[in-house]
Structure formats: C-alpha cells, structure tokens
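These notes concern the structure reproduced below.
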Amino acid sequence: MRHALLTLAAVSALGSSGIRAQVTGDAPYGKPTAIINLGSSEGTALARGQWRYSDAHFIEVEHPAPGTDLRPSGAPNRTNDITPHAGAADFDDAAWLSFPAESIEARRGNGKFSFNWYRINVTIPAQIGRRDAGLAHAF
C-alpha cells in the first residue's frame, strides 16, 4: 500500500509540473480498460491464479572472473548465485507454499540479507466485470 501511495504522490507531482510521461509504441499507456486486483481472492479466482512463495538460497559457484573484454572470460573464480532459478514461465513451483492473496504483503523473508520468490500464473479472462478485456491469454 505504501508503494501505491508513493506512486500516486509521484504521479500527482508530475501532473502539476507540466511534465508528461514518455509514450512508446511497445508500452501500454493511458487509462486501463479493466483492472484485476491480484491482491484479493476474488481477483486471483477471476484470473485463475494462485500465489506461491519460496525462499531462495545463496550458494557459492564457479564463474569466470571479468576478463580484459569486461566479460566473464577471465580466470576461474568463485562467486555467489541463488537457487532456485525460478524466473522462467515454465518453472515448476507446485511444491512451494501457496497462500491467499490477501496476505501478499506479509513478511516471509527471514533476515537482513535475503532473496525470495513470489510467483503467480494468471489467465486474463475475455470478460472482466462488464468489460471486454480484449484478449484471453495465459501468462
């Protein structure tokens, strides 16, 4: 909620200063046709979604050091990575903790330095309320 209020304050400040947002052909702009609140059980049900959560763990791995080309082409090195790598759309998160949408803002990480995954697969319905969403597509 705090993030939404800060965003609203930033938008209000921009609106009063005469600065206009950048508009590109590949980014949506303007007022949305319809909104699904994925922070509510009603919204996640409409989008056939289920929130999932997992802690990520830091692991030490082999990785080349930066070379003269500034790419990872140098001598063998040790560095840190995370596991799991859960960024791909087809990643299997079925064993992860599932939780109700209303608790999305609950703290789940356990430390000063932590990394966590939150995932939800949704299907945009053809109709949202009385509005045509313009597509029916799974993300």
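The table below lists the values:
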item	result
Residue in segment 1-17 that is in a loop (DSSP other than H, G, I, E, B) and modelled with pLDDT under 90 present	yes
Extreme residue, modelled with the lowest pLDDT, among residues of segment 107-135 that are aliphatic (A, V, I, L, M) and outside any strand (DSSP E or B)	Leu135
Matching residues in segment 59-93 - criterion: being part of a loop (DSSP other than H, G, I, E, B), in contact (Cβ under 8 Å) with a residue 24 or more places away in the chain and either farther than 30 Å from Leu46 by Cβ or not acidic (Asp, Glu) (or both)	Pro84, Ala86, Ala89, Phe91
Segment 66-109 - residue that is of a type in the set (S, T, N, Q) and over 20 Å from the mean Cα position of the chain (by Cα) and, of those, surrounded by the fewest Cβ atoms within 10 Å (Cβ to Cβ)	Thr68
Members of segment 49-58 found to be modelled with pLDDT under 95 and among the hydrophobic types (A, V, I, L, M, F, W, C), listed by number	Ala56, Phe58
Residue check, Leu46 of a type in the set (A, V, I, L, M), closer than 30 Å to Ala133 by Cβ, touching a residue at least 40 places away in the same chain (Cβ under 8 Å) and loosely packed, with under 12 Cβ neighbours inside 10 Å	no
Selection status of Ile120, surrounded by 10 or more Cβ atoms within 10 Å (Cβ to Cβ) and either closer than 28 Å to Ala56 by Cα or not β-branched (Val, Ile, Thr) (or both)	yes
Unmet requirement for Gln50, which otherwise passes all of (1) closer than 20 Å to Phe115 by Cβ; (2) touching a helix residue (DSSP H, G or I) at 6+ places or on another chain (Cβ under 9 Å)	(1)
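The values are calculated or read from the model by the stated rules, or taken from the named source; none is laboratory data. Quick caveat: nothing in here was measured; it's all calculated off a predicted structure. In this analysis, Cβ positions are derived from the backbone assuming ideal geometry, glycine residues included, and neighbour counts consider all displayed protein chains.
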